[in-house]
Amino acid sequence: MSEFSPLVVLPLLLWGTLVGLDLVSVPQAMISRPVVAGVVAGALAGDVEAGLRIGVLFELFALDVLPVGAVRYPDYGPATVSAVALGAGTPWELGLGVSAALGLVLAMLGGWSLQVVRRWNARAIQQQTAALAAGESRAIRWLQYGGVLRDALRGFTLTLAGLVLASTVTESVRLDRPTAVAFTLVAVGSGLAAAASSAFRGSGRGPRLKWLIAGLGVGIVLAVLT
Amino acid sequence: MNQRVRALFRLFAIQGTWNYERMLGVGMGYAAEPLLEDLKAVDPVRHGEAVVRSAEFFNCHPNLAGLALGATVRAEYEGVPGPQIVRLRTALCSPLGSMGDQLFWAGLVPALVGLTVIGVVLGAGWWAIAGFLLVYNGIRIWTGYWSLRTGMASGMRVGAAIGSSWLPKAMEWITPTAGFVLGATVPLVVAWYLDGFGWAAAVGAAGVAVAGFALTRWFGPGLTSVRFALLAMVLLLLFRRIGL
């Protein structure tokens, strides 16, 4: 995005905060999926194509995440929003790689910030141990509101940091065309590796692998025909 | 608003206070509050004990938490001894977590996301995104409603109710479906991104993909796909700097 004006940045900040909240806290409606977060961010930044290209790329990485139990994983939502802000207005062949680099760093930062919020929640609960042991419903309500607020703050801060970084990169990083294209190809190759890894892990070696291979066949036929 | 509807809405925020000590515990307590309101008038002491139990340690898949919530609330109203309710909660953690993870995180979500990506790649754009959100949230809201209703209806017999429900059958076919869809997604995405770059670029991207697939599987959690991508980009910058 060539110009980070308040009219564009404020809606992106709001969207990034909502997307950050959606991942774990509320409402888990899947607006935090990169393909959704990306296309909406693209519309807000005035470049839906960039939103789709970056959203699908991060979706390939996100497919490699299985958020079971207490596993630690990157947060791709606010990262996608910031990456789209950076890539909007640039031909995707040239902007995708650099946007992906920024987004992947932010996704890792987002994963770390989730741990911070979880520890923060635990401290808040420890402070209310007596009230919880006394069965005070009010304490449960306030702990819940506090947890959601902390997560919203996390999403907001992450998106803000991402947009500041995107603005800095726009102003200071200049890549020649071959390097920018090579960056894009590395990003696409890495995303495909993540998606393939996820698909093979999910299918195992039993009969489910046959379904995966059948799907691959159908995909290849469709890719040739379209 | 109806108590069950309030509890259902609160279930959508069940992970709001997720932490490593009580995990979903406080979120469960928050969702249980409307359902336990009537117990306060009947038996205030029992209500206090029920509130304490409702916010203790608990963990399972958020979309199936309604089963545990409904079952324990019904048990509280039926006067089941407290330690037995705690045992029920503990016993439900693993199966509800495992079934929900397999059904949603390893099955439905990858399948629907794969279909959405295929839709985007084939030019459906916003329609694909809207379809994904509508279908996923429709299934999720219905599952939440069904879970709460089934839990409330079965109480301490919730295990048998789960065993005879649609859940085990759905788990059998959802992961192969996800595998099929993901298999179809990958070639279409490859064509979408690499069309127009030429053969040399396609071979380069394929090389990165094969190296990434092999190395991330070889090194396991130590080298995630994100770390591999960033490492590959740093190496690319270094190679460009030395003129390769």
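Quick notes
- Residue among A:Gly95, A:Gly89, A:Gly42 that alone is outside any helix (DSSP H, G or I), in contact with a helix residue (DSSP H, G or I) (Cβ under 8 Å, 6 or more places away or on another chain) and more than 30 Å from B:His61 (Cα to Cα): A:Gly89
- Flag: B:Gly196 does not match the condition of being in a loop (DSSP other than H, G, I, E, B), among the small types (Gly, Ala, Ser) and either over 30 Å from A:Ala214 (Cβ atoms) or in contact with a helix residue (DSSP H, G or I) (Cβ under 7 Å, 6 or more places away or on another chain) (or both).
- Given (1) more than 9 Å from chain B (Cβ to nearest Cβ); (2) without any contact (Cβ under 8 Å) to a residue 12 or more places away in the chain; (3) in contact with a Leu (Cβ under 7 Å, 6 or more places away or on another chain), index of the condition A:Leu44 fails: (2)
- Summed over the range B:185-234, residues that are closer than 16 Å to A:Val181 by Cβ, of a type in the set (Val, Ile, Thr) and buried (at least 21 other Cβ atoms within 10 Å of the Cβ) total 1.
- Residue match in the range B:95-105 (condition: within 22 Å of the chain's Cα centre (by Cα), acidic (Asp, Glu) and not in a loop (DSSP other than H, G, I, E, B)): yes
- The set of residues from the range A:47-59 being more than 9 Å from every other protein chain (Cβ to nearest Cβ) and over 16 Å from A:Ala101 (Cβ atoms) comprises A:Asp47, A:Glu49, A:Gly51.
- The test for being free of Cβ contacts under 8 Å to residues at least 24 places away in the same chain, part of a helix (DSSP H, G or I), within 27 Å of B:Met233 (Cβ to Cβ) and more than 7 Å from chain A (Cβ to nearest Cβ) does not hold for B:Ala201.
- Taken over the range B:121-140, the residue count meeting the criterion of being in contact (Cβ under 8 Å) with a residue 60 or more places away in the chain and in a helix (DSSP H, G or I) is 2.
- Only residues that are modelled with pLDDT of 90 or more and crowded, with 20+ Cβ neighbours inside 10 Å were counted in the range A:198-219, giving 5.
Residue-by-condition table, conditions (1) in a helix (DSSP H, G or I); (2) of a type in the set (A, V, I, L, M, F, W, C); (3) surrounded by 24 or more Cβ atoms within 10 Å (Cβ to Cβ):
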{"position": "A:Gly135", "(1), (2), (3)": "no, no, no"}
{"position": "A:Tyr145", "(1), (2), (3)": "yes, no, no"}
{"position": "A:Val148", "(1), (2), (3)": "yes, yes, no"}
{"position": "A:Thr157", "(1), (2), (3)": "yes, no, no"}
{"position": "A:Thr168", "(1), (2), (3)": "yes, no, no"}
{"position": "A:Pro178", "(1), (2), (3)": "yes, no, no"}
{"position": "A:Val188", "(1), (2), (3)": "yes, yes, yes"}
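- For the range A:69-128, a residue qualifies if it is more than 11 Å from chain B (Cβ to nearest Cβ), more than 13 Å from A:Phe183 (Cβ to Cβ) and among the β-branched types (Val, Ile, Thr), and the qualifying residues are A:Thr80, A:Val81, A:Val84, A:Val116.
- In summary, B:Glu21 fulfils each of the numbered conditions (1) closer than 30 Å to A:Ser113 by Cβ; (2) assigned to a helix (DSSP H, G or I); (3) within 13 Å of chain A (Cβ to nearest Cβ) with the single exception of condition (2).
- Unmet requirement for B:Leu167, which otherwise passes all of (1) away from chain A (no Cβ under 12 Å); (2) under 19 Å from A:Arg208 (Cα atoms); (3) surrounded by fewer than 16 Cβ atoms within 10 Å (Cβ to Cβ): (3)
- Condition check for A:Val218: of a type in the set (A, V, I, L, M), at the interface with chain B (Cβ under 8 Å from one of its Cβ atoms) and either over 22 Å from B:Ala211 (Cβ atoms) or assigned to a helix (DSSP H, G or I) (or both): yes
- Checked against (1) more than 9 Å from chain B (Cβ to nearest Cβ); (2) under 23 Å from A:Pro34 (Cα atoms); (3) at pLDDT 95 or above; (4) over 18 Å from the mean Cα position of the chain (by Cα), A:Leu185 passes all but condition (1).
- The set of residues from the range B:106-132 being farther than 20 Å from A:Arg53 by Cβ and surrounded by fewer than 19 Cβ atoms within 10 Å (Cβ to Cβ) is empty.
- Subset of the range B:51-94 [assigned to a loop (DSSP other than H, G, I, E, B) and either more than 9 Å from chain A (Cβ to nearest Cβ) or touching a residue at least 40 places away in the same chain (Cβ under 8 Å) (or both)]: B:Phe57, B:Cys60, B:His61, B:Glu78, B:Gly79, B:Val80, B:Pro81
- Qualifying residues in the range A:106-123 (those that are without any contact (Cβ under 8 Å) to a residue 24 or more places away in the chain and not basic (Lys, Arg)) - the one farthest from A:Phe61 (Cα to Cα): A:Ala122
The values are calculated or read from the model by the stated rules, or taken from the named source; none is laboratory data. Quick caveat, the model's predicted, so the values are computed rather than measured. Counting neighbours? That spans all protein chains shown, and the Cβs are built from the backbone with ideal geometry, glycine included.
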